[in-house]
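Visitor: I'd like to ask some things about the structure below.
The values are calculated or read from the model by the stated rules, or taken from the named source; none is laboratory data. Quick caveat, the model's predicted, so the values are computed rather than measured. Heads up, the Cβs are rebuilt from the backbone with ideal geometry, glycines too, and the neighbour counts pull from every protein chain shown. Surface accessibility is based on the protein's heavy atoms, side chains included, excluding ligands, DNA and RNA. Shrake-Rupley method; radii C 1.70, N 1.55, O 1.52, S 1.80 Å.
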Amino acid sequence: MWTKVFAHRGAMGDYPENTLLAFKKALDASIDGLEIDVHLSRDGEVVVIHDEDIKRTTDGHGAVRDMTLETLREVSAGVTFSDYKYYDPEVWKKEKIPTLNEVLALAEGYNVELNIELKTDVIQYEGIERRVFDIVGAYGCHEKVIYSSFNLSSLARMKMAHPEARLAWLTKEVPERAEHYMGKHSLEALHISWKAILEQPERISGIGERIRAWTVNDWETAADLIGHGVGTLVTDYPKEMKEILRNVEK
């Protein structure tokens, strides 16, 4: 089994997270999957950003749900990462909070899966599941997309409306009887903290190919997870992880 590498919020270890720049760098590293986070703006646009508030990752402030897309596009999603080694002020200051449409358009020319995390564990964005699914459908890439969330209710709404949707539950713990749990909730996979997996690796015995471990940034941890059969590593450094796995698994 070849271990897959998913880029966490793009190549966020070296570039501003959840920006088109970070996604392009990850895609050019021949990754297997791209992980992104989505929220709804005040005017119902699906935007790609991790936090409910824009303060940490931009030079603005305020809740995503209280701002229109036009207002969100006025801030820079790159300048707050000025301590990164590749920081280029002229380029990075132009990075904006992208829309899901923009990310799908960017990824269209690549053979890559897309993990869309529905950020509904804090705010229940009404209709976000339908809106996201419709946008993915417009690009004709349903089979390439995995919908994940910490919120099982959000995943249930997605599955009820769209039985063909591929679902994964995000969790900080490994459920008991994990395979049974996946069947009960119509889950294709579990996205689990690597620390939890290594604490109870017996719980994923026989189903490792359906496990995606986050967030794996060093080879020793990666090797331990691979030894337990984990099929996918989610990492902040996709280029480096991909190169390591190429050398080990060739």
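Visitor: Based only on the alpha carbon positions, what is the Kirkwood hydrodynamic radius of segment 135-250, in angstrom?
Guide: Numbers: mean 1/r = 0.0666 Å⁻¹.
After inverting the pairwise mean of 1/r, the radius is 15.0 Å.
Visitor: So, one more: Using alpha-carbon pairs under 8 Å, 6+ residues apart, how would you state the relative contact order of the chain in percent? List each step's numbers first, then the result.
Guide: On the way: 513 pairs, mean separation 51.2, N = 250.
It comes to 20 percent, rounded to a whole number.
Visitor: How many lysine pairs in segment 63-149, separated by 8 or more positions in sequence or lying on different chains, have Cα atoms less than 24 Å apart?
Guide: On the way: Lys85/Lys93; Lys85/Lys94; Lys85/Lys96; Lys96/Lys119; Lys119/Lys144.
For segment 63-149, qualifying lysine pairs total 5.
Visitor: Taking the Cα centre of the chain as the origin and placing charges on Cβ (Lys, Arg +1; Asp, Glu -1), which of Gln124, Tyr147, Leu233 is farthest toward the positive end of the dipole?
Guide: The one lying farthest along the dipole's positive direction is Tyr147.
Visitor: While we're on this one: On a full-extension model of 0.36 nm per residue, what is the gain between Leu198 and Ala156, subtracting their alpha-carbon distance, rounded to one decimal in nm? Write out the running numbers ahead of the final one.
Guide: On the way: separation 42, 0.36 × 42 = 15.12 nm, distance 2.81 nm.
That works out to 12.3 nm of additional length.
Visitor: Can you work out ³J(HN,Hα) from phi for every residue in segment 31-44, in order, using Karplus 6.51 cos²θ - 1.76 cosθ + 1.60 and θ = phi - 60°, giving whole Hz and x for Gly and Pro?
Guide: Going residue by residue, I get 6, 9, x, 10, 9, 9, 10, 10, 10, 10, 6, 4, 9, x Hz, with x marking Gly and Pro.
Visitor: By how many nm would the segment from Asp66 to Lys172 lengthen if fully extended, with 0.36 nm per residue of separation less the alpha-carbon distance? Display every interim value, and only then the final one.
Guide: Working: separation 106, 0.36 × 106 = 38.16 nm, distance 2.91 nm.
This chain segment gains 35.3 nm when fully extended.
Visitor: Please give the solvent-accessible surface of Tyr84 in Å², to the nearest 10, using a probe radius of 1.4 Å with every protein chain present.
Guide: 60 Å²
Visitor: Something else: Can you tell me, using C-alpha contacts under 8 Å and at least 6 residues apart, the relative contact order of segment 159-250 as a whole percent? Working shown, then result.
Guide: On the way: 130 pairs, mean separation 20.3, N = 92.
The normalised contact order for segment 159-250 reaches 22 percent.
Visitor: Over segment 1-145, average the accessible area per residue using a 1.4 Å probe and give it in Å², no decimals. Don't skip to the end; give the middle numbers.
Guide: Details: 6340 Å² over 145 residues.
With the other protein chains kept in place, segment 1-145 gives 44 Å² per residue.
Visitor: Here is a follow-up. If each of Asp121 and His142 carries a label point 7 Å out from its Cα toward its Cβ, how far apart are those two points in nm?
Guide: Taking the simple label geometry, Asp121 and His142 are separated by 2.8 nm.
Visitor: Here's a follow-up. Can you say what percent of the DSSP beta bridges in the chain, counting only those with both residues inside, are antiparallel? Round to 5. Mind showing how you got there, number by number?
Guide: Details: 5 of 36 bridges.
Once the DSSP bridges in the chain are tallied, antiparallel ones form about 15 percent.
Visitor: Counting each DSSP H run of 4 or more residues in the chain as -39500 (n - 2.57), what helix-only mean residue ellipticity at 222 nm follows after dividing by all residues, to the nearest 500 deg cm²/dmol? Don't skip to the answer; put the middle values down first.
Guide: On the way: 10 runs with 79 residues, N = 250.
Here the helix-only value at 222 nm equals -8500 deg cm²/dmol.
Visitor: Evaluate E = 1/(1 + (r/R0)^6) for Asp88 and Tyr181, where r is the Cβ-Cβ distance and R0 equals 30 Å; express this FRET efficiency to the nearest 0.05. Before the final figure, lay out each step's value.
Guide: Numbers: r = 45 Å, r/R0 = 1.50.
That gives a FRET efficiency of 0.10.
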